[in-house]
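Take a look at the structure set out below.
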Amino acid sequence: MTLNIAVNKNFEILRETQDWVAVYKPPRLLVHKSRLFQEEANCRDLVQEKVGMRLRPVHRLDRPTSGVLLFAKSRESAGRLSKLFVGRLIRKTYYAVVRGHLPGAGMIEKPLGRVPQKA
């Protein structure tokens, strides 16, 4: 299944260490290829080409979501970083742009619904 949508390939390397690379992923860019989506443009391949080595995604962001991705440079680094995510020692924060008004300040702690993709 291939979607005909314009993809912004302008990722940005935010920080690189000997163990990992932090990257800004723009919206509509896949994190990596999958069985369902085989498009050539995906963040992992683009970053691998830039840094010149194989990378392993430590977590994912949905295709429409922009944000910071972490790629590990080795299997061992991927394992260590994954444990930090599982143990919630790496904190993820999501921001959403919404329409409408809330009656006051607060926090919504419910999953967001999905909007069907336009063909």
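In segment 28-80, what residues are of a type in the set (Gly, Ala, Ser) and either modelled with pLDDT under 90 or not in a helix (DSSP H, G or I) (or both)? Spell out how you get there, then give the answer.
Looking only at segment 28-80, we keep the residues that are of a type in the set (Gly, Ala, Ser), and these are 34, 41, 52, 66-67, 72, 74, 77-79.
Ser34, Ala41, Gly52, Ser66, Gly67, Ala72, Ser74 - these are the residues of segment 28-80 that are of a type in the set (Gly, Ala, Ser) and either modelled with pLDDT under 90 or not in a helix (DSSP H, G or I) (or both).
In this structure, does Leu89 turn out to be part of a loop (DSSP other than H, G, I, E, B) and more than 22 Å from Asn8 (Cβ to Cβ)? Show your work before the answer.
Values: part of a loop (DSSP other than H, G, I, E, B): yes; more than 22 Å from Asn8 (Cβ to Cβ): yes.
So Leu89 fits the description; yes.
Report whether or not Gly104 is modelled with pLDDT under 85 and open to solvent by less than 80 Å² (accessible area, probe 1.4 Å). Spell out how you get there, then give the answer.
Working: modelled with pLDDT under 85: yes; open to solvent by less than 80 Å² (accessible area, probe 1.4 Å): yes.
It is true that Gly104 is modelled with pLDDT under 85 and open to solvent by less than 80 Å² (accessible area, probe 1.4 Å).
Looking only at residues that are under 14 Å from the mean Cα position of the chain (by Cα), hydrophobic (A, V, I, L, M, F, W, C) and more than 25 Å from Ile108 (Cβ to Cβ) in segment 43-95, which one is surrounded by the fewest Cβ atoms within 10 Å (Cβ to Cβ)?
Among those residues, the one meeting the criterion is Leu46.
The values are calculated or read from the model by the stated rules, or taken from the named source; none is laboratory data. Nothing here was measured: the structure is a model prediction, and the numbers come from that model. Because the Cβ atoms are built from the backbone with ideal geometry, glycine has one as well, and the counts that use them run over all protein chains shown. Just the protein is used for accessible areas: all its heavy atoms, side chains included, with ligands, DNA and RNA removed. Shrake-Rupley method; radii C 1.70, N 1.55, O 1.52, S 1.80 Å.
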